[in-house]
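Enquirer: This structure is in structure tokens; I'll ask about it shortly.
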Ligand SMILES: Cc1cc2nc3c(=O)[nH]c(=O)nc-3n(C[C@H](O)[C@H](O)[C@H](O)COP(=O)(O)OP(=O)(O)OC[C@H]3O[C@@H](n4cnc5c(N)ncnc54)[C@H](O)[C@@H]3O)c2cc1C
């Protein structure tokens, strides 16, 4: 193959594609994106539930989401493609005093950063999410600007725009190694030949650690299985039904097609690449859903799937240059927030690589934080 590139992006999921688009828009030079599968987005991106929210506990994640939501809104203008960001809102149901206290603290931080967010009384919930049981709910947080996005629409919008801007997207091209000269990466070795490169961007999602291992870098990302279920048609689900998260049980649900999408993060799942659907896991999701929405008694399961969260120890992404080797940049470990943070990750990566001041301070996401022991846990994870 014998190609030369200014930037080689490893991974054609939503993160790699957003970076490709933003780098090309900044005229970074020759950008090549490598995807080992036959289709873009085959791994985590195609499994995402589509939730987009700015309700986080850490400043950097709130700001990442606020920047992303702005970019989701201007997507058509920026890329030329239609992709729906359905701002139906995002609600957290709080049933314990402890959760009310910690979410109230987060709301203060969110408001200080300019986020429009309400704290609802139990009797105010039904206007947004009728049929949700509220007898044990003490309060709920609701951000009306949050909502839902279709991962495929945004991925293919980025793809079309990136191709138009000259990005060379290569499918079925697997990175097998990285070659160093001195302390700098100079070549990407693939099953289709080698590419001499300036910068390599690790956007390999759940495979991020394997890319790091190729060059002796300890990328602290673990793949963890997460499952979702969709129901058949449900007449009580209205078009304005938001994303609803039952904080105590971990259940989340939102409208999907003519029914609901239901999901839950089982904290007992151990890291692995297993993406088989576990029927017990599905049953646990359904039990939690039925408890929160008794009207689901008659619902039918339409579909279920499993995918991988790419999880870091503090549930915050890793975005920045690898300290142990020159020329390697990571944009990985989005810990279940990769769809919602992709536009921001794309723009910020392009800003950093072109030597601009990043729009927001993301030093808290740097790869060095693990060695320095400077971890600030994101507590609002689903
Ligand atoms: C069930 C579930 C629900 C979720 N819900 C949400 C949600 O509601 N909101 C949200 O924001 N996020 C959600 N997420 C998380 C989100 O899907 C991910 O954070 C996001 O898709 C990560 O994108 P990515 O591009 O980093 O990874 P991926 O989409 O996995 O892309 C990485 C790509 O790298 C490729 N690759 C890996 N190694 C190599 C190699 N050696 N050579 C070439 N290519 C390689 C892979 O084939 C893959 O296509 C959910 C995830 C799951 C599993």
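Enquirer: Cα centroid distance between segment 290-329 and segment 56-95, in Å?
Expert: Taking the Cα centre of each part, segment 290-329 and segment 56-95 sit 16 Å apart.
Enquirer: Could you give me D for segment 121-257, from Stokes-Einstein at 25 °C and 0.890 mPa s, where the hydrodynamic radius is the Kirkwood radius over C-alpha pairs? Units µm² s⁻¹, please.
Expert: Answer from the Stokes-Einstein relation: 124 µm²/s.
Enquirer: Let me ask something else about it. How tilted is helix 338-353 with respect to the longest principal axis of the chain? Cα atoms for both, answer in degrees (0 to 90, nearest 10).
Expert: For 338-353 against the chain, the angle is about 30 degrees.
Enquirer: Further question: Per residue, how much space in cubic angstrom lies within the convex hull of the C-alpha atoms of segment 43-188?
Expert: It is 182 Å³ per residue.
Enquirer: Determine one quarter of the surface area of the Cα convex hull of the chain, which equals its mean projected area, and express it in nm² to one decimal.
Expert: Reported value for the Cα convex hull: 17.9 nm².
Enquirer: Now for a separate question. Determine the distance separating the Cα centre of segment 222-272 from the Cα centre of segment 170-212; give it in Å without decimals.
Expert: That distance is 35 Å.
Enquirer: Would you mind checking segment 210-233 for residues with the amide N under 19 Å from a putative spin-label position 7 Å along Cα→C-beta of residue 278?
Expert: Flagged as within label range: 222-230.
Enquirer: How much of the calculated P(r) for segment 105-158 lies past 14 Å, in percent of all Cα pairs?
Expert: 64 percent
Enquirer: Given Cα pairs under 8 Å that are at least 6 residues apart, what percent is the relative contact order of the chain?
Expert: Once divided by the residue count of the chain, the mean separation gives 25 percent.
Enquirer: Report the Cα centroid-to-centroid distance between segment 137-162 and segment 30-55 in angstrom, as an integer.
Expert: 14 Å
Enquirer: Over segment 257-354, calculate the relative contact order: mean separation of alpha carbon pairs under 8 Å at least 6 apart, over the residue count, as a percent.
Expert: It comes to 19 percent, rounded to a whole number.
Enquirer: Normalising by the residue count of segment 113-189, find the relative contact order in percent from Cα pairs under 8 Å and 6+ residues apart.
Expert: After rounding, I find 21 percent.
Enquirer: Relative to the first principal axis of the alpha-carbon coordinates of the chain, what is the inclination of helix 59-73, with its axis defined by its Cα atoms, in degrees from 0 to 90 and to the nearest 10?
Expert: So the helix axis and the longest Cα principal axis differ by about 90 degrees.
Enquirer: Classify segment 294-382 as rounded, prolate or oblate from the Cα gyration tensor: take a ≥ b ≥ c as the square roots of its eigenvalues, call it rounded if a/c is under 1.5, otherwise prolate when a/b beats b/c and oblate if not.
Expert: Because a/c hits 1.5 or more and a/b exceeds b/c, segment 294-382 counts as prolate.
Enquirer: I'd like the FRET efficiency for residue 73 and residue 240, computed as 1/(1 + (r/R0)^6) with the beta carbon distance as r and R0 of 22 Å, rounded to 0.05.
Expert: Calculated transfer efficiency: 0.75.
Enquirer: Here is a follow-up. From the square roots a ≥ b ≥ c of the eigenvalues of the alpha-carbon gyration tensor of segment 338-381, which class results: rounded (a/c under 1.5), prolate (a/b over b/c), or oblate?
Expert: Oblate.
Enquirer: Work out, step by step, the length gained on full extension between residue 160 and residue 98: first 0.36 nm times the residue separation, then minus their alpha carbon distance; give nm to one decimal.
Expert: 17.7 nm
Enquirer: Using alpha carbon coordinates only, what is the Rg to Rh ratio of segment 222-291, with Rh defined as the Kirkwood radius?
Expert: Rg/Rh: 1.00.
Enquirer: Oh, and also: Order of 128, 90 from fewest to most other C-beta atoms within 10 Å?
Expert: Least crowded to most crowded, the residues run 128, 90.
Enquirer: Along its principal axes, what span do the Cα atoms of segment 206-362 show, with the longest given first and each in whole Å?
Expert: If we take the Cα atoms of segment 206-362, the spans are 57, 32, 25 Å.
Enquirer: While we're looking at this one, here's another question. By how many degrees, 0 to 90 and rounded to 10, does the Cα axis of helix 97-112 deviate from the longest principal axis of the chain?
Expert: Helix 97-112 and the main axis of the chain meet at about 50 degrees.
Every number here is computed from the coordinates shown, using simple stated rules; none is lab data. Note that this is a predicted model, so its numbers are computed, not measured. FYI the Cβ positions are ideal-geometry reconstructions off the backbone, even for glycines, and counts take in every protein chain you see.
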